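The values are calculated or read from the model by the stated rules, or taken from the named source; none is laboratory data. From a predicted model like this one, the values you see are computed outputs, not experimental measurements. Note: ideal-geometry Cβ built from the backbone for every residue, glycine included; neighbour counts use all protein chains shown.
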Amino acid sequence: NSVWAKVPLGPRDAILGVTEAFKADKNPKKINLGVGAYRDDKGKPYVLPSVQKAEQQIAKAGHDKEYLPITGLPEFVNAAIKLAYGEDSKPLKEGRIAATQTISGTGALRIGLDFMARFFPHKSIYLPDKTWANHAAIVKDCGLEVKHYKYYDPETVGVAFEGFKADVKAAPNGSAFLLHAAAFNPLGTDLTKDQWVELCQIFKEKNHFAFFDMAYQGFASGSFEDDAFPVRHFVEQGFPIALCQSFAKNMGLYGERVGAFSLVCADKDEKARVDSQLKILIRPMYSNPPVHGARLAAQILNSPELYKDWRVEVKGMADRIISMREALYELLQNKYKTPGDWSHVKKQIGMFSYTGLKPEQVDALATNASIYLTRDGRISMAALNSSNIEYFAENVSKAVK
Ligand code: PLP
């Protein structure tokens, strides 16, 4: 008998399953709305021009392939936290942010939550009641208990802010909450600035800990500053936040796996202790991170010229997605008179739209029109373009009627 005879077959990944079904479909009109990667208006993956220029500059510089330090490329990590916290950030200026390069946003979550499991007083963290599926998986694999807070309001396909606040108030003092900084995945609905300010006040009263996942800085509004508002506001209010960053979406560096994890510390001494523990955590896991993607990101973040280009390119991606939202709303609501109120499609922000489509309607779209999305009704807005949006809207309308 084989050693692995008792290994059970695990469930398929929901998103990869969508991609497999899409690939097997021969219909030339097929659309894959499952995967969270940006596409241009021709439906093609987009390598940012600033990234192409950075590649050329790096090739010319002729770097070696030596190992990075355990916590990564310093010029990348320093620039990444500057982008997130803002150059005027007090803890940044005071040199009390502990930070490390990570294997993109997922790796940042893994390192951050592993750190929490080792050192945070409570062995649990609150996640929104709808969230990126990997969050719960990472939390559990780090040995923490998953708790939930109210976020999704099925009535409005928006944020249940009253319920959210009630759960924050009901949690034991000093609890940890995972918060999406911007472009909430899968719902596409963020808190308003006023709501963040209100929430922050409650966190203060309850002495809660904010653990931010910021996988989409710049990608939601097109502005790095606006998308980082919650992070910067909590820090201004004196919170010792944790922050996960990813450059997958905003630099289009998906497969390069470029990210960062940071913790705001009370002083330099605390930072030194936290840094030492981050190294102890990372060393037996993967020793040190890959170098190429971090070099690319550092080149862009540290060169005034490339940085300027990049800002424009990010705004271009955000704006194209926003224009698709407006077009989709017009088509669904006004042209095809689809039953229901579709204004949430226009109000939502970021890569995804939570359409409110039911699992049976999602199945009908796949069977009848070769349109693929996850059964929770989430679509990647970035997969829509001027050539396929009409076909999509027409078929959604049919599926709903
Ligand atoms: N966090 C959220 C909310 C995400 O949606 C994603 C990617 O889809 C990530 C983190 C991490 O992505 P990556 O590991 O590719 O940076």
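Structure summary
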| read-out | value |
| --- | --- |
| Cβ-Cβ under 6 Å pairs, at least 6 apart or on other chains, region 217-237 side at pLDDT below 95, far side among the polar types (S, T, N, Q) | Phe219/Asn250 |
| Helices (runs of 4 or more DSSP H) (entirely within region 228-304) containing at least 2 residues that are of a type in the set (Ser, Thr, Tyr) | 268-286 |
| Unmet requirement for Gln101, which otherwise passes all of (1) closer than 21 Å to Ala183 by Cα; (2) crowded, with 19+ Cβ neighbours inside 10 Å | (1) |
| First in region 91-114 and under 13 Å from Glu270 (Cβ atoms), second anywhere and outside any helix (DSSP H, G or I) and away from the ligand (no atom under 11 Å from the Cβ), Cβ under 6 Å, 6 or more apart | Pro91/Ile97; Pro91/Val264; Arg96/Cys265; Arg96/Asp267; Ile97/Ser262; Ile97/Val264; Ala98/Leu263; Ala98/Cys265 |
| Matching residues in region 146-190 - criterion: being away from the ligand (no atom under 16 Å from the Cβ), touching an Asp or Glu at 6+ places or on another chain (Cβ under 8 Å) and either of a type in the set (Gly, Ala, Ser) or within 22 Å of Asp341 (Cβ to Cβ) (or both) | Lys150, Ala160, Gly163 |
| Residue check for Ala98: away from the ligand (no atom under 13 Å from the Cβ) and under 28 Å from Asp194 (Cα atoms) | no |
| Failed condition for Lys6, given (1) modelled with pLDDT of 95 or more; (2) assigned to a loop (DSSP other than H, G, I, E, B); (3) within 16 Å of the ligand (Cβ to nearest atom); (4) not aliphatic (A, V, I, L, M) | (3) |
| Selection within region 341-354 - touching a helix residue (DSSP H, G or I) at 6+ places or on another chain (Cβ under 7 Å) and away from the ligand (no atom under 16 Å from the Cβ) | Trp342, Ser343, Val345, Lys346 |
| Residue match in region 236-252 (condition: surrounded by fewer than 18 Cβ atoms within 10 Å (Cβ to Cβ), more than 9 Å from the ligand (Cβ to nearest atom), over 13 Å from the mean Cα position of the chain (by Cα) and charged (D, E, K, R)) | yes |
| Residue within region 130-137 that is of a type in the set (Gly, Ala, Ser), touching a Pro at 6+ places or on another chain (Cβ under 9 Å) and within 14 Å of the ligand (Cβ to nearest atom) present | yes |
| Per-region count, region 53-78, residues touching a helix residue (DSSP H, G or I) at 6+ places or on another chain (Cβ under 7 Å) and surrounded by 20 or more Cβ atoms within 10 Å (Cβ to Cβ) | 5 |
